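What follows is a short report on a single structure.
The values are calculated or read from the model by the stated rules, or taken from the named source; none is laboratory data. Small disclaimer: the values here were computed from a predicted structure and weren't measured. Heads up, the Cβs are rebuilt from the backbone with ideal geometry, glycines too, and the neighbour counts pull from every protein chain shown. All accessible areas refer to the heavy atoms of the entire protein, side chains included, with ligands and DNA or RNA removed. Shrake-Rupley method; radii C 1.70, N 1.55, O 1.52, S 1.80 Å.
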Amino acid sequence: MNRILRGENAMQKVSDKEPVATHGPSSVIGDITAPNGETWNYTGNLDYERIPHDAYTEYKLKHFSYTIYNARGEKVGTVSDDIHYAEDEVRAVGCDFTPIITRNFFNTDDKYEVCIGLSFNTKEVGMNRYKSLIYSIGGEKDGENDKIIRTMDSFVGDVVEGPASADGRDNFFLTFSKDENGTPEDPESFWSMLQSYSVNVVTYGRALNDTDGPRPLLTKNIPLLNLPGNQDTTPFLFSMVHEGQVYIILQMLKEPLWMPYDSPMDEYEQRADNTLVVNFYKADENAITLDYTTPIAVNKSDDSAVYVTYYSVGDMRYRGDVLFGKYGESAHKAALFVTAEDYYTLADKGLKSYYVYDSTGKRLKTLAESTEFTQPLSDIKDAEPQQLFVTAPNDQYNLSFVNLLSATEAFNMSNVVEVEDNNFLNVLVNLDRTPVGDSYQYAIECSSPLELDNDRTLSQIVWLDKDGKFDHMEYADLGTDVQYAQLYIESNALEVGKVMTDQRAYIALIKRGIAGSKLDEELLVTNAITNPDWQVGEQALLLGPGEYGVLSGIVPDLYSEVHTLSVYYLSGKNTGEKKLTQVVYALPFLSSGIDMPATDSKTDGTSAKVYNMDGTLAGIGMDTNSLPAGVYIIVNGREARKVIIK
């Protein structure tokens, strides 16, 4: 086999696909939601003061600097400042770029606004302080630093951009939230103390003048005991735009989840006959007003092994759990996907069930019950949105594909697929559906690769038609010395021509063992092949560790106007000076256009040009008997084919 397919010298492999942009090295790199729905990028560097102590070294954050780039990779501007410590603040333990860019919100000029969230330890043990600092890109300076235009005493919890205001200005609504310790009604009561803990939520509209700043339009105080779902990761407030109307959706339990108890050592008992109150507020430039309320009955499961049953909206598809105008609702009333999670103490796990409720709180349909896992499938034009639900009755996995607008099951299957007569393959829950012709198909990665006699490893992908019937197999040629690999399975990335011109491609992250040394992370982009016995994959891109460090992750962007593949590298992992670098490649990669069988025979190519698989010329007019072992492309006139030399 040739050296590239074997993975040898992958560290020195240089892609012939030049990146279109490189950001970093930086302490942090991330994406930003910008006005008009664009996706921007930022890089940030955090500077620390090194303070030696007898037994340890303390690092105290002193300065930050963030650079913002627009969707075309052009620099928009930079925001930097020193950390300003209050007298009782010991250290800043968090400095986070809030991933949203606003304009016309915190003041009335047209400069872009950024929000930096800071978390501080204070001298009082267990008491932390949180604040958001607002800056204008290209705004006023305070010496060499940017001037803070406003300070908020909490973090951003939700953002929505409504239609432009009458004066043409951007129309954002930002919700800030923070935990509060209130004053117990009875200082001697443990239960009263618990009831005094709450989260304070304020939704602001844009500033109408520079003096007053953003205007509080909705303020709510939610006791922590009344939070929805598992009272930890469940969203209690989210927003959306429907037919030009901004909605703020806030949910909480009518009564505390638990019956009163007097000590943290007491047994918790779920309150019976509770209600999940889902409030829909309409927001406009001047006010946020309650539109209507959907009450959802909350009761614990009858199963004696269940400790508590959590109810919530937004735990399946987040904003997608709200369906205006569906299931018989009017255009401005919403049906809801409601999650009911049964938590089993002895098994220490939860099983989730999913139901459809109308706007009056009546349960209409069951989507799935007692699920171990769920995932949304990509939307397909003219097809219902679809959700995958995984259950494991009697420890046998079942995959159910459910149409969400009719609450009907498209099909179900086990995690074992019959691909040929008496030939069965186990599959992973790494799957999606993608358009094929005027229909669509499902691609599912198999749990075990195909290992060939020549040491090649190929990922196996089962393709099913829209009814769940086996259609065909495809393979991704990973080369040799592969210890582990995972494919990026996503609808757009699976479409022909999206990642490689004129053909389907697979993106793979690989752990490869090279000559008995440690495993290296590699990224491979290769075309799909259908017959591994006589086809060899074409490498559109192969990247391993290099000048920017080791591979850290990938983010394909196939939804923006310009399609890209971002590759992230991490350096300094063991030095305490970790840095990230983002390298951006334009998609699709150019395919060679040669998709010919590979043969195992020696070939007389005395009048042909012989190319290595990386496209470099190996020789002209040479007998392939003289070639080292490897895979080559032989071009003779207008004919071309792949040849394996052993």
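Okay, here's what the table says:
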| read-out | value |
| --- | --- |
| Prolate/oblate/rounded label for segment 408-493 (Cα gyration tensor, a/c 1.5) | prolate |
| Only Lys, Arg (+1) and Asp, Glu (-1) charged, at Cβ; the chain dipole about Cα centre in debye | 1160 debye |
| Viscosity 1.002 mPa s, temperature 20 °C, Stokes-Einstein D of segment 434-575 from Kirkwood C-alpha radius, µm²/s | 133 µm²/s |
| Cα gyration tensor shape for segment 203-251, rounded if a/c is under 1.5, else prolate or oblate | oblate |
| Whole-number D in µm² s⁻¹ for segment 17-96, Kirkwood Cα-pair radius fed into Stokes-Einstein, 37 °C, 0.692 mPa s | 221 µm²/s |
| Burial ranking of peptide ranges 105-114, 449-458 (average Cβ count within 10 Å, highest at the top) | 105-114, 449-458 |
| Sorted peptide list for 223-232, 305-314, criterion being average Cβ within 10 angstrom, highest first | 305-314, 223-232 |
| Built amide H within the under 5 Å cut-off of Glu269, gap 5+ | Met259 |
| 5 Å-binned pair-distance histogram of segment 128-235 (Cα, whole percent) | 2, 10, 14, 18, 17, 13, 10, 7, 5, 2, 1, 0 |
| By average C-beta atoms within 10 angstrom, highest first, the peptides 49-60, 193-204 | 193-204, 49-60 |
| Of every Cα-Cα pair in the chain, the percent that sits beyond 45 Å | 32 percent |
| Average accessible area per residue (Å²) across the chain - probe 1.4 Å, nucleic acids and ligands excluded | 47 Å² |
| Cα gyration tensor, segment 302-456 - rounded (a/c under 1.5), prolate or oblate | oblate |
| Gyration tensor (Cα) of segment 55-114, equivalent ellipsoid semi-axes in angstrom | 29, 16, 9 |
| Kirkwood hydrodynamic radius of segment 196-341, from inverse mean 1/r over distinct Cα pairs, in Å | 16.8 Å |
| √(5λ) per eigenvalue of the Cα gyration tensor, segment 347-438, largest first, Å | 25, 20, 10 |
| Probe 1.4 Å - accessible area at Val584, Å² to nearest ten | 10 Å² |
| Charge-dipole axis of segment 226-376 as Lys and Arg at +1 and Asp and Glu at -1 on Cβ define it, positive-most pick from Asn230, Tyr343, Leu367 | Leu367 |
| Percent accessible area from carbon and sulfur atoms, segment 221-335, protein chains only, probe 1.4 Å | 47 percent |
| Exposure rank, largest accessible area first [Glu89, Glu285; 1.4 Å] | Glu285, Glu89 |
| Rough spin-label spacing in nm, given labels placed 7 Å along Cα→Cβ, for Asp467 and Arg91 | 6.4 nm |
